[in-house]
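The values are calculated or read from the model by the stated rules, or taken from the named source; none is laboratory data. Since the model is a prediction, treat every value here as computed from it, not as a measurement. Every residue, glycine as well, gets a Cβ built from its backbone with ideal geometry; the counts of neighbours run over all protein chains shown. Each accessible area value is taken on the protein alone, full model and side chains, heavy atoms only, with ligands, DNA and RNA left out. Shrake-Rupley method; radii C 1.70, N 1.55, O 1.52, S 1.80 Å.
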Amino acid sequence: MAAGEALLVIDMQVDFMPGGSLPVAEGDSIVPLINQLGQHFSEIILTQDWHPAGHISFGSTHGKQPFVETVEAAYGTQSLWPEHTLQQTPGAALHPQLQLPHAGMILRKGHRQDIDSYSAFLENDHHTSTGLAGYLRDRGLSRLYLCGLAWDYCVGYSALDGKALGFDVSVVADAVRGIQPDSMRAMTARWQDAGVTLLQSGAILHAP
Ligand code: VGL
Ligand code: ZN
């Protein structure tokens, strides 16, 4: 791809794959396509959801039911999930078939006890920076292509925040899978309102 362009590969981790603790349907099916996309980029950033035991986003931390109940955090309402992507566990590892050896950065997020981070740019208070925007600006990367998991959460908020922070953001739709159809539709509408572009991988793989 052209100078200034980067591929962001969001949360392609074992716990988000079928059989994992917070599985995304067909999450593993996009691995070969993401590997192919990677061949077209010299700048690649991977993210890893990376939670400590007792993280605020786990239902078990509050004795509450994941997917159903929520908690009020200092920064607003936090959805609750099964325990997932625990730091330094096999479930937090990147999918073993992911082949992106030239990726220059792996960004970990959600690594602090009392705050979650769906977005690769801002933690869930929508204020605390992960540092990714600064990294991209320092490297002159302004046009971002997003793929990975999950459409309605970590890809979703990363796209919105990236756009709000001034990056040109496209989501490679066929290289993304989501958790829940309703929240996927809602996120797609927010992308459209925000000016996030949706495209298919063919536009990159078969570019002239
Ligand atoms: C994610 C829910 C909780 C994601 C991470 O990667 O989309 N979703 N933690
Ligand atoms: Zn998480």
Fill in: Flag if Gln192 is of a type in the set (S, T, N, Q), open to solvent by 50 Å² or more (accessible area, probe 1.4 Å), over 23 Å from Gly140 (Cα atoms) and under 17 Å from the mean Cα position of the chain (by Cα)
no
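Determine which member of the set Asp161, Asp174 is open to solvent by 40 Å² or more (accessible area, probe 1.4 Å) and within 15 Å of the chain's Cα centre (by Cα).
On the way: Asp161 fails: open to solvent by 40 Å² or more (accessible area, probe 1.4 Å).
After applying the criteria, what remains is Asp174.
What number of residues in segment 73-84 are without any contact (Cβ under 8 Å) to a residue 60 or more places away in the chain, surrounded by 14 or more Cβ atoms within 10 Å (Cβ to Cβ) and assigned to a loop (DSSP other than H, G, I, E, B)? Write out each step before concluding.
Step one: of segment 73-84, the residues without any contact (Cβ under 8 Å) to a residue 60 or more places away in the chain are 73-81.
Imposing the further condition that a residue be surrounded by 14 or more Cβ atoms within 10 Å (Cβ to Cβ) reduces the set to 73, 75, 78-81.
Next, only the ones that are assigned to a loop (DSSP other than H, G, I, E, B) stay: 75, 80.
Qualifying residue count for the region: 2.
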Practice prompt. Output the number of the condition that Pro18 fails; it satisfies all remaining conditions of (1) loosely packed, with under 13 Cβ neighbours inside 10 Å; (2) within 16 Å of ligand 2 (Cβ to nearest atom); (3) not polar (S, T, N, Q).
Written response: (2)
Worksheet entry | Flag for Ala189 being free of Cβ contacts under 8 Å to residues at least 60 places away in the same chain and more than 19 Å from Met1 (Cα to Cα) | yes
Discussion item. Anything in segment 53-72 that is assigned to a loop (DSSP other than H, G, I, E, B) and either loosely packed, with under 15 Cβ neighbours inside 10 Å or more than 21 Å from the chain's Cα centre (by Cα) (or both)? List them, or say none.
Written reply: Ala53, Gly54, Gly63, Lys64, Gln65, Phe67, Val68, Glu69
Item to complete: Among the residues of segment 177-189, write down those that are within 14 Å of ligand 1 (Cβ to nearest atom) and open to solvent by less than 40 Å² (accessible area, probe 1.4 Å).
Response: Gly178, Ser183, Met187
Worksheet, complete the sentence: Considering residues that are open to solvent by less than 80 Å² (accessible area, probe 1.4 Å) and within 15 Å of ligand 1 (Cβ to nearest atom), the number found within segment 85-111 is 13
Practice prompt. Confirm whether Glu43 is open to solvent by 60 Å² or more (accessible area, probe 1.4 Å) and of a type in the set (D, E, K, R).
Written response: no
Worksheet item: Does at least one position in segment 124-133 carry a residue that is in contact (Cβ under 8 Å) with a residue 40 or more places away in the chain, open to solvent by less than 10 Å² (accessible area, probe 1.4 Å), under 15 Å from the mean Cα position of the chain (by Cα) and over 20 Å from Ile34 (Cα atoms)?
Response: yes
Discussion item. Return the residues of segment 131-147 that are under 26 Å from Ile30 (Cα atoms) and out of contact with any helix residue (DSSP H, G or I) (no Cβ under 6 Å at 6 or more places or on another chain); say none if nothing qualifies.
Written reply: Leu132, Ala133, Leu136, Leu141, Ser142, Arg143, Tyr145
Worksheet item: Among the residues of segment 94-110, is any in a loop (DSSP other than H, G, I, E, B), over 24 Å from Leu199 (Cβ atoms) and basic (Lys, Arg)?
Response: no
